[in-house]
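Below: the structure, in structure tokens.
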Amino acid sequence: MPRPRRGATFRAVTAQTPPSLLARLLARSTAIEPHELPAVSAAFSLFFCVLGGYFAVRPIRETIGTTLGSDRVADLWFFTSLGAVIIVPLYGWLVGRVRRSVLLPTIYALVAAAFVTYGVLFRTRPDDLALASTFYVGLSVLNLLLVSVFWSFLLELFTSEQTKRLFGVISTGGTLGALVGPIVTDLVVQRIGTSGVLFIGAALFTGAIVSQRVLIAIWKAPGGAGAGNDRAIGGNPFAGVALVLKSPFLLMIALFVVLLSTTNTLLYFQQLEIVARTFTDTADRTQVFARIDYIVQTLTVFSQFFLTGRIAKHFGVTALLVTLPLIIMGGFLVLATTGTFAVLATVLVVRRWGEYAFIRPGREMLFSRLDTEAKYKAKNLIDVPVYRGADVLVAQLQNALRAGGLTATGVALLGAGAALAWAGIGTWLGRRHEGARNT
């Protein structure tokens with residue numbers, strides 16, 4: 001008996017139940033079909049909790065960075081890269097031996113427990129720089145891994161055609177979480193302090209556990225993509241390295257991520273210097289970072305909900321991958337002529353808006369035609385140690401260049417060149433992906 005294709009379960013349920021008002025509204029305003037609504041809703045909720053929890057506590061990390069200074073942060077990025085190198089084979093070992101229905105909720109539970117632990121420790125040891133440094137490194141490593149794990153599972157749940165229509169809308173859930181998180185932090189940090197914000201983050205990750213279990217139940221339902229497939233992937237925990245090295249397509253995705261990291265890192269260190277110079281109070285800095293966060297997320301929500309899927313469907317993945325690099329190239333050129341906080345903030349907002357609205361969904365779509373092992377092991381290798389390795393190398397490089405006399409203008413021009421190369425790699429990847437779809 002042939003196995004039902006993915007989405008059959010959702011169709012069977014819908015055939016028995018008339019579409020709800022919400023389903024009809026979503027069908028009219030987005031590219032979601034009524035039978036896809038249960039899975040999209042669960043994924044939307046999960047991403048909201050994950051990014052809501054992360055972005056609620058992210059301003060704490062940024063404040064720690066301004067306190068430590070750029071030189072010390074550059075050193076911490078080495079340990080972040082080292083942590084990424086360690087955590088990916090560990091995750092590869094776990095995903096090779098533990099069922100996804102057990103592993104994925106457990107990951108979110110561990111994050112919630114870690115936030116509670118740090119909340120207690122920060123309350124009793126608020127001036128402990130070693131404790132603050134471990135938090136900075138740990139959150140930086142987990143950030144990329146958590147998002148990569150989320151998308152790896154969705155790539156199993158949805159077909160390649162569905163990813164182009166649905167990933168933009170699902171990304172909106174994460175963006176709303178990333179909007180709500182810093183708004184809450186902005187409103188309450190002066191009253192409840194750092195430890196209180198961490199407890200809020202823990203509560204949101206508890207919600208992520210519930211949402212992940214609902215999504216797994218949909219995935220495992222008879223006729224669904226995971227029916228009879230909830231088992232460990234097996235294989236070598238280091239298989240991602242071999243997969244990337246053997247595939248020109250995966251190598252180019254890795255280079256795309258390296259150039260993305262390069263532009264982000266160059267902007268980040270200018271951010272540290274300008275914000276520290278402009279705002280002297282650490283609580284004011286936390287509020288500034290929180291406000292930048294929710295401005296970005298507000299812009300992104302509209303784009304993801306109404307534009308991302310339509311752009312991918314009508315213009316292809318290439319448009320998603322190339323638009324932002326070209327804009328950022330122009331932003332660096334403008335930044336080269338002035339170093340004010342207002343200009344920097346504008347470039348930061350545009351960069352992060354474009355990354356969340358277009359680059360991230362486009363990158364995930366590139367993996368939609370690959371096998372399960374590539375979706376988990378190669379993808380996480382690229383998303384975490386490759387990304388963080390590029391972070392630390394570029395951080396050390398820019399520090400060395402600045403020590404050697406390179407001006408802020410020179411750094412901005414270097415960023416413009418990296419953005420141009422980034423656009424070129426995005427063009428190659430998008431055309432290769434679209435070419436595979438049409439063959």
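The values are calculated or read from the model by the stated rules, or taken from the named source; none is laboratory data. Note that the structure is predicted; figures quoted are calculated from it, not measured. As a convention, Cβ positions derive from the backbone with ideal geometry for all residues, glycine included, and neighbour counts pool all protein chains shown.
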**Asked** Are there any pairs, at least 6 apart or on different chains, whose C-beta atoms fall under 8 Å, with the first in the stretch 132-154 and closer than 21 Å to ILE218 by Cα and in contact (Cβ under 8 Å) with a residue 24 or more places away in the chain and the second among the basic types (Lys, Arg) and assigned to a helix (DSSP H, G or I), and if so, which?
**Response** VAL147/ARG360; SER148/LYS379; TRP151/LYS379; SER152/LYS375; SER152/LYS379; PHE153/ARG100
**Item:** Neighbours by Cβ (under 7 Å, 6+ apart or cross-chain): first from the stretch 272-291, surrounded by 14 or more Cβ atoms within 10 Å (Cβ to Cβ); second not in a helix (DSSP H, G or I)
**Value:** ILE274/GLY339; ARG285/PHE279; VAL288/PHE279
**Request:** Would you tally the residues in the stretch 277-289 being among the aliphatic types (A, V, I, L, M) and modelled with pLDDT under 75?
**Result:** 1
**Item:** Among (1) at pLDDT 90 or above; (2) within 21 Å of the chain's Cα centre (by Cα); (3) crowded, with 18+ Cβ neighbours inside 10 Å; (4) of a type outside the set (Asp, Glu), the one test that VAL88 misses
**Value:** (1)
**Item:** Residue among ARG191, ARG213 that is out of contact with any His (no Cβ under 6 Å at 6 or more places or on another chain), without any contact (Cβ under 8 Å) to a residue 12 or more places away in the chain and part of a helix (DSSP H, G or I)
**Value:** ARG191
**Asked** How many of the residues in the stretch 149-191 are among the charged types (D, E, K, R) and under 17 Å from ALA357 (Cα atoms)?
**Response** 2
**Message:** ARG58 - would you say it is part of a helix (DSSP H, G or I), crowded, with 20+ Cβ neighbours inside 10 Å and at pLDDT 80 or above?
**Reply:** yes
**Request:** Being farther than 28 Å from TYR268 by Cα and among the basic types (Lys, Arg) narrows it down to one of ARG125, ARG97, so name that one.
**Result:** ARG97
**Asked** When you look at ALA412, is it crowded, with 22+ Cβ neighbours inside 10 Å, over 24 Å from the mean Cα position of the chain (by Cα) and either touching a residue at least 24 places away in the same chain (Cβ under 8 Å) or part of a loop (DSSP other than H, G, I, E, B) (or both), yes or no?
**Response** yes
**Prompt:** Only one residue in SER148, SER133 is assigned to a helix (DSSP H, G or I), within 13 Å of the chain's Cα centre (by Cα) and hydroxyl-bearing (Ser, Thr, Tyr). Which one?
**Reply:** SER148
**Message:** Given the criteria surrounded by fewer than 22 Cβ atoms within 10 Å (Cβ to Cβ), in a helix (DSSP H, G or I), aromatic (Phe, Trp, Tyr) and touching a residue at least 40 places away in the same chain (Cβ under 8 Å), does TRP422 qualify?
**Reply:** no
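Hand me the list of helices (runs of 4 or more DSSP H) wholly inside the stretch 223-335 holding 3 or more residues that are closer than 26 Å to ASN380 by Cβ.
Once the helices (runs of 4 or more DSSP H) in the stretch 223-335 are filtered for at least 3 residues that are closer than 26 Å to ASN380 by Cβ, what remains is 239-246, 248-278, 282-302, 317-335.
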**Message:** I'm trying to understand the selection: among the residues of the stretch 274-290, which are of a type in the set (D, E, K, R) and within 23 Å of LEU179 (Cα to Cα)?
**Reply:** ASP284, ARG285
**Item:** Residue ID - farthest from the chain's Cα centre (by Cα), chosen from residues in the stretch 102-129 that are surrounded by 18 or more Cβ atoms within 10 Å (Cβ to Cβ) and small (Gly, Ala, Ser)
**Value:** GLY119
**Complete:** If we keep only residues of the stretch 365-381 that are charged (D, E, K, R) and assigned to a helix (DSSP H, G or I), then the residue farthest from the chain's Cα centre (by Cα) is GLU373
**Prompt:** Looking at ILE253, ILE295, ILE311, ILE274, which one is under 17 Å from PRO59 (Cα atoms), modelled with pLDDT of 75 or more and either out of contact with any Pro (no Cβ under 7 Å at 6 or more places or on another chain) or of a type in the set (Val, Ile, Thr) (or both)?
**Reply:** ILE295
**Complete:** Residue hits (the stretch 34-71; touching a residue at least 40 places away in the same chain (Cβ under 8 Å) and over 19 Å from the mean Cα position of the chain (by Cα)) are GLU36, PRO38, ALA39, THR63, ILE64, GLY65, THR66, THR67, LEU68, GLY69, SER70, ASP71
**Request:** Scan (1) more than 30 Å from THR286 (Cβ to Cβ); (2) at pLDDT 90 or above; (3) crowded, with 21+ Cβ neighbours inside 10 Å; (4) of a type outside the set (Ser, Thr, Tyr) for the single condition TRP219 breaks and write down its number.
**Result:** (2)
**Fill in**
Here the qualifying pairs (Cβ atoms under 8 Å; residues six or more apart or on different chains; first in the stretch 336-359 and in contact (Cβ under 8 Å) with a residue 60 or more places away in the chain; second in a helix (DSSP H, G or I) and of a type in the set (Phe, Trp, Tyr)) come out as VAL347/PHE332
